[in-house]
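Enquirer: After the structure tokens below, expect a handful of questions from me.
The values are calculated or read from the model by the stated rules, or taken from the named source; none is laboratory data. The structure presented is a predicted model; accordingly, all values stated were derived computationally and were not measured. Every residue, glycine among them, receives a Cβ derived from its backbone with ideal geometry; neighbour counts consider all protein chains shown. Surface areas here come from the heavy atoms of the whole protein model, side chains and all, with no ligands, DNA or RNA. Shrake-Rupley method; radii C 1.70, N 1.55, O 1.52, S 1.80 Å.
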Amino acid sequence: MKPGIIVLLNGTSSSGKTSISNELLTQSDIPFQHLSFDNFINGLFHSYKDFINSTFPSMEANGAEDGQVVNQILADPLISLYYSTIKLFSAMGNNVVVDSVIGNDKWFNTCIELLSDHSVIFVEVKCSKEELARREQLRGDREIGLANSQYDNVYCFNEYDLEFNTEIMRSSECANEILNFIRSNKEYTAFKKLIKGESVSK
């Protein structure tokens with residue numbers, strides 16, 4: 001079975017990744033599955049905590065009630081499972097659009113290790129810090145300053161197959177560029193260069 005294409009959208013929170021993903025999902029020319037970073041991690045994490053709390057109701061928390069200790073221990077395994085699930089979807093022949101936040105070297109290395117043998121279109125989704133702050137205010141469901149805190153780590157790569165500034169481009173335009181890139185049969189080179197370590201950070 002031919003593996004599906006992985007469209008890996010990398011950008012901070014509120015940069016416009018989900019809007020682009022939704023545009024790809026609404027068209028029928030090239031079908032996609034959507035694996036959201038937020039939905040996957042939050043859904044799985046909350047389900048896991050519910051399982052622990054209901055199965056072991058008398059277990060001592062020992063100061064970990066705020067979830068910080070839990071996050072520290074479980075974050076990396078959940079990230080690995082996230083990218084493993086992307087790999088599984090692709091191996092099953094599904095095209096996958098992924099809105100991801102590659103926020104540190106460990107997560108990047110996990111991504112590279114798991115997806116190195118698949119066709120990955122690496123896409124930067126970006127806008128100014130001022131625009132990110134404005135969007136956070138409008139959304140109301142994001143911690144103010146979250147995107148700014150992620151900015152430098154997320155945008156440290158200088159190799160992408162496609163780069164979008166969502167202050168200038170509409171999500172539909174970004175999605176069309178991705179589709180046209182796939183139709184062009186151009187080689188997806190950015191991820192391969194990152195795998196080889198030829199070009200990593202700005």
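Enquirer: Suppose each label sits 7 Å from its Cα in the direction of the beta carbon; what would the residue 186-residue 38 distance come out to in nanometres?
Expert: Each label point is offset 7 Å from its Cα along the Cβ direction, giving 2.9 nm.
Enquirer: Taking the solvent-accessible surface of protein heavy atoms with a 1.4 Å probe, what is the per residue accessible area of region 113-202 in Å²? Walk me through the numbers before you get to the answer.
Expert: Working: 5110 Å² over 90 residues.
Each residue of region 113-202 exposes 57 Å² on average to a 1.4 Å probe.
Enquirer: Given a Förster distance of 41 Å, report the FRET efficiency between residue 48 and residue 167 from their Cβ-Cβ distance, rounded to the nearest 0.05. Spell out each step's value before the answer.
Expert: On the way: r = 37 Å, r/R0 = 0.90.
Calculated value: 0.65.
Enquirer: Let me ask something else. What accessible area, in Å² to the nearest ten, does a 1.4 Å probe give for residue 167?
Expert: 90 Å²
Enquirer: Between residue 92 and residue 116, what FRET efficiency follows from the Cβ-Cβ distance if R0 is 25 Å, with the result rounded to 0.05?
Expert: Working: r = 18 Å, r/R0 = 0.72.
The formula returns an efficiency of 0.90 here.
Enquirer: What's the carbon and sulfur percent of region 27-141's accessible surface, probe 1.4 angstrom, rounded to a whole number? Could you put the intermediate results ahead of the total?
Expert: Working: 3380 of 6440 Å².
Taking all protein chains in place, region 27-141 shows 52 percent carbon and sulfur surface.
Enquirer: Further, regarding this structure: Compute the helix-to-body angle for 171-183: its Cα long axis versus the longest principal axis of the chain, expressed 0 to 90° and rounded to tens.
Expert: 60 degrees
Enquirer: Also: To the nearest 10 degrees, how steep is helix 68-91 against the longest Cα principal axis of the chain, on a 0 to 90 scale?
Expert: Roughly 40 degrees, rounded to the nearest 10.
Enquirer: Please give the net charge around residue 146, taking every other residue with its beta carbon less than 13 angstrom from that of residue 146, where Lys and Arg add +1 and Asp and Glu add -1.
Expert: Working: positive: 129, 135, 139, 142; negative: 38, 136, 141, 143.
Neighbourhood net charge equals 0.
Enquirer: Given charges of +1 on the Cβ of Lys and Arg and -1 on the Cβ of Asp and Glu, with all other atoms neutral, how large is the dipole of region 133-202 about its Cα centre, in debye to the nearest 20?
Expert: 100 debye
Enquirer: Amide H to amide H under 5 Å from residue 7: which residues, 5+ apart in sequence or cross-chain, H placed 1.01 Å off N in plane?
Expert: Amide H neighbours of residue 7: 96, 97, 98, 121.
Enquirer: Along the charge dipole of region 1-62, which of 47, 28, 59 sits closest to the positive end, that is, farthest toward it, with unit charges on the beta carbon of Lys, Arg, Asp and Glu (+1, +1, -1, -1)?
Expert: Of the listed residues, the answer is 28.
Enquirer: Working with all protein chains in place, sort 171, 15 by solvent-accessible area computed with a 1.4 Å probe, largest first. Each step should come with its number before you reach the end.
Expert: Details: 171 35, 15 0 Å².
Ranking 171, 15 by accessible area, largest first, yields 171, 15.
Enquirer: Arrange the residues 1, 59, 169 by how much accessible surface each exposes, largest first, with a 1.4 angstrom probe. All intermediate terms of the calculation are to be shown ahead of the outcome.
Expert: Working: 1 170, 59 115, 169 40 Å².
Highest to lowest solvent-accessible surface, that is 1, 59, 169.
Enquirer: Hey, got the dipole for the chain? About the Cα centre, +1 on K and R Cβ, -1 on D and E Cβ, debye to the nearest 20? Walk me through the intermediate numbers first.
Expert: Details: 18 positive and 27 negative charges, 92 e Å.
It comes to approximately 440 debye.
Enquirer: Alpha carbon centre of region 124-195 versus region 1-44: separation in Å?
Expert: When both Cα centres are located, 12 Å separates them.
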